[in-house]
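The values are calculated or read from the model by the stated rules, or taken from the named source; none is laboratory data. Note that this is a predicted model, so its numbers are computed, not measured. Cβ sites come from the backbone with ideal geometry, for glycine too, and all protein chains shown count toward neighbours. When the accessible area is computed, the model is the full protein with side chains, heavy atoms only, and any ligands, DNA or RNA have been set aside. Shrake-Rupley method; radii C 1.70, N 1.55, O 1.52, S 1.80 Å.
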Amino acid sequence: MSSDPDHVTEPYDDVDDGDDPLDAEVHPFDGFVLAIDGPAGSGKSTVARAVADALGIEHVDTGALYRAAALACLRAGVDLADEAVCGEVAAAASIRRIDDRTLLDGDDVEDEIRQDQVTAAVSQVAAHPAVRRALVPAQRRAVEPDGGVVEGRDIGTVVLPDADLKIFLTASVSTRARRRGEQLGRDDLDVLARDIVDRDAADSTRELAPLVMAADATEIDTTDLTVDDVIAAIVDAAIEVRLGPELPELDPVTARRSLPRLAIVGRPNVGKSTLVNRIIGHRVAIVEEKPGVTRDRTEHLAEWLGRDFLVIDTGGWEHGARGMAARIVEQAEAAIADADVVLFVVDGTLGALEDDERYARTLRKSGIPTILVANKIDGDRQEALVHDLYTLGLGAAMPVSALHGRGVGDVLAAAMESLPPPAGPAPDDGGVPRVAIVGKPNVGKSSLFNQLLGEERSIVDPVAHTTRDAVDTMVEIDGRPWTFVDTAGMRRRYRHGEDTELYSVDRTRWAIEAADLVLFVIDASEPLGEQDQRLAALLRDAGRGIVLVCNKWDLVDEDRRLDLDRELDRLLSFAAWAPRVNISAHSGRGIRRLLPQLLTIWDNYGRRVPTRELNQLLADATAQHAPPRRGQKQLRIRYATQPEVRPPRFVLFSNGSLPDGYLRYLERILREHYDFTGVPLLLDDRPRAPRGPGSRRPRR
């Protein structure tokens with residue numbers, strides 16, 4: 001295990017800068033205890049010091065504690081072969097490690113315990129079980145309360161069984177013999193190998209705490225690894241324990257397409273969307289006390305008693321509708337044609353109206369299993385009203401109150417009897433790239449949405465604010481599944497009482513936050529305005545992959561192109577990394593260029609930089625342009641890792657908060673060396689907080 005750790009670790013500069021509020025930040029590894037165990041020659045000591053440096057916490061030298069115990073026995077003049085007496089001496093002595101110094105009964109003996117007399121005695125003294133028992137409290141005190149990296153035999157099983165992270169290092173006998181020979185300057189590796197085998201046998205069979213790996217320890221075989229490889233593996237494991245697990249690698253799934261479909265239809269304002277929200281368990285559809293709020297057909301994943309299915313919400317079904325209302329009816333009828341079961345919702349307090357009878361005839365002819373739902377039956381006294389609905393010819397109506405949840409479980413139980421079982425396992429929508437289409441009203445989002453899906457899924461109308469809700473649909477393009485989300489446009493201002501539009505804006509914001517990638521659509525033929533700026537601010541804060549889509553490009557002349565370039569530079573100054581595609585959603589021109597961009601950005605969104613490469617790159621970057629000083633302190637980056645993808649997040653451990661300008665410099669370096677086109681990079685620096693008076697500091 002060769003050693004070249006200089007580019008990975010670098011000691012903290014502990015110069016006190018005075019009252020700097022940035023220094024009050026909490027170090028992420030304060031109180032963290034890491035126990036490193038393993039047989040002799042596995043690299044415990046070398047690795048433990050480097051890991052402690054990288055994490056910015058104390059390294060507890062257990063060997064120094066045993067040396068101090070041996071020195072105490074020498075000073076007492078006892079027989080070093082007498083286990084009981086040596087144990088009593090060690091138990092009576094006050095042995096501590098503070099600021100990388102060893103104290104014996106209050107005296108600094110760090111230099112004395114390194115002398116030949118102590119070196120010759122320590123092996124004999126440390127082998128006594130009574131001495132090992134006596135030193136357990138001292139080893140535990142060494143990590144209280146600030147934590148630390150502790151290495152040595154029995155650390156994970158006896159001394160610190162509750163450590164936050166336990167590592168057990170191993171290596172082949174030949175490798176351990178070679179390392180031992182390098183330390184001692186010897187070349188008789190066969191002799192050293194036999195000594196190691198004998199010591200392993202003695203350690204594994206000793207009466208008190210035989211050397212074994214703790215059940216919850218992570219084993220690392222260091223035979224074919226460099227010091228840097230081992231350090232990186234342990235530090236990454238510590239970061240995962242303290243800061244949370246890495247984001248899982250996601251695999252695309254297509255199971256949603258095979259789920260049974262439950263369509264909810266009915267006249268306007270009978271409570272369809274309220275019923276949808278009740279089935280889903282949270283608010284996914286806009287509800288307002290006026291007809292015509294729901295326009296588009298929307299799909300929502302639902303589950304009932306362990307069974308997964310899709311709920312299809314539709315707009316109001318109106319006879320003889322014209323214009324936009326006619327397109328709403330078309331969407332409702334398309335939902336019925338694709339459904340496995342239909343919930344036909346009527347207002348139970350009004351009885352069977354003429355339109356209800358007309359739609360009931362259509363449903364009877366369709367042959368699709370239909371459940372008649374009488375909504376707004378809020379109590380027992382109203383249940384008699386449902387008998388008037390027998391005239392619809394759909395059997396007995398089921399009374400419910402979607403608003404209060406009354407009777408909804410009975411309806412779902414009846415629906416489950418008619419819904420076919422899923423064709424495959426439950427879908428994991430998290431594995432499918434989710435792409436939100438956002439932009440101000442009437443820039444062509446729904447037209448683009450329909451072009452991508454290859455069907456008229458969102459209603460398109462010259463009137464602004466046609467789309468009220470976030471309409472999401474999974475579609476397969478060139479053999480790969482995507483979820484595209486059409487969103488409502490954001491108006492400049494909202495008039496008092498416009499709850500529908502306020503909720504539409506909330507849904508747009510939610511769609512951005514829930515998305516992986518965003519198609520930011522602008523009207524290239526018009527000057528960019530306040531709504532574009534507000535959306536750009538949302539995208540900046542959300543940290544999602546972005547493709548800038550300049551729609552209506554067929555209406556853009558040469559002069560407008562020059563103005564547009566200047567406007568975009570100002571609008572997306574925070575996202576110069578976002579690619580741009582010019583399209584005409586109406587004609588379909590340029591649409592096919594979007595998919596390759598989305599594929600590239602999706603790959604970049606999940607890109608992971610190997611820890612060793614990352615630290616080498618940052619070491620080169622800081623050598624070329626060092627971080628600035630803060631007072632008397634030279635800022636340094638101790639270690640870096642990438643704990644998350646989608647979006648990529650890099651954690652930098654430093655000895656102080658890095659300025660924003662320097663973080664932008666590091667981001668530029670990362671982008672120059674790795675393809676992060678279209679995705680934001682999150683650089684999270686974790687400065688170490690200064691310790692209180694009298695407390696220990698990390699090793700210099």
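Considering only residues of segment 571-592 that are hydroxyl-bearing (Ser, Thr, Tyr) and in contact (Cβ under 8 Å) with a residue 24 or more places away in the chain, which is farthest from Gly543 (Cα to Cα)? Per the stated criteria, the residue is Ser587.
Of the residues making up segment 29-55, just one is within 14 Å of Phe168 (Cβ to Cβ), assigned to a helix (DSSP H, G or I) and open to solvent by 10 Å² or more (accessible area, probe 1.4 Å), namely Lys44. Selection of segment 575-619 for residues being more than 28 Å from Leu663 (Cα to Cα) and in contact with a strand residue (DSSP E or B) (Cβ under 8 Å, 6 or more places away or on another chain) yields Val581, Asn582, Ile583, Ser584, Ala585, Gly590, Arg593, Leu594, Leu595.
For segment 593-635, the candidate set comprises residues that are in a loop (DSSP other than H, G, I, E, B) and more than 21 Å from Gly543 (Cβ to Cβ); within that set, the residue that is nearest to the chain's Cα centre (by Cα) is Pro610. Criterion first (surrounded by fewer than 20 Cβ atoms within 10 Å (Cβ to Cβ) and either at pLDDT below 90 or farther than 23 Å from Arg592 by Cα (or both)) does Ala537 satisfy it? Judged against the criteria, Ala537 is a match. Please go through segment 378-407 and give me each residue that is touching a strand residue (DSSP E or B) at 6+ places or on another chain (Cβ under 8 Å), of a type in the set (Val, Ile, Thr) and not in a loop (DSSP other than H, G, I, E, B), ordered by number. Within segment 378-407, just Val386 meets the criteria.
Looking only at segment 56-82, residues that are outside any helix (DSSP H, G or I), of a type in the set (A, V, I, L, M) and open to solvent by less than 40 Å² (accessible area, probe 1.4 Å) come to 4 in all. Say whether the condition of being surrounded by fewer than 24 Cβ atoms within 10 Å (Cβ to Cβ) and in contact (Cβ under 8 Å) with a residue 60 or more places away in the chain is met by at least one residue in segment 112-126. So far as segment 112-126 goes, yes, one or more of its residues are surrounded by fewer than 24 Cβ atoms within 10 Å (Cβ to Cβ) and in contact (Cβ under 8 Å) with a residue 60 or more places away in the chain. Selection over segment 634-657 of residues that are more than 23 Å from Gly678 (Cβ to Cβ) and open to solvent by 10 Å² or more (accessible area, probe 1.4 Å) gives a count of 4. Figure legend. Inter-residue proximity from segment 542-566: first residues under 25 Å from Thr508 (Cα atoms) and among the charged types (D, E, K, R), second residues open to solvent by 50 Å² or more (accessible area, probe 1.4 Å) and assigned to a helix (DSSP H, G or I), beta-carbon distance below 9 Å, spacing 6+ or different chains. Indicated pairs: Arg544/Glu513.
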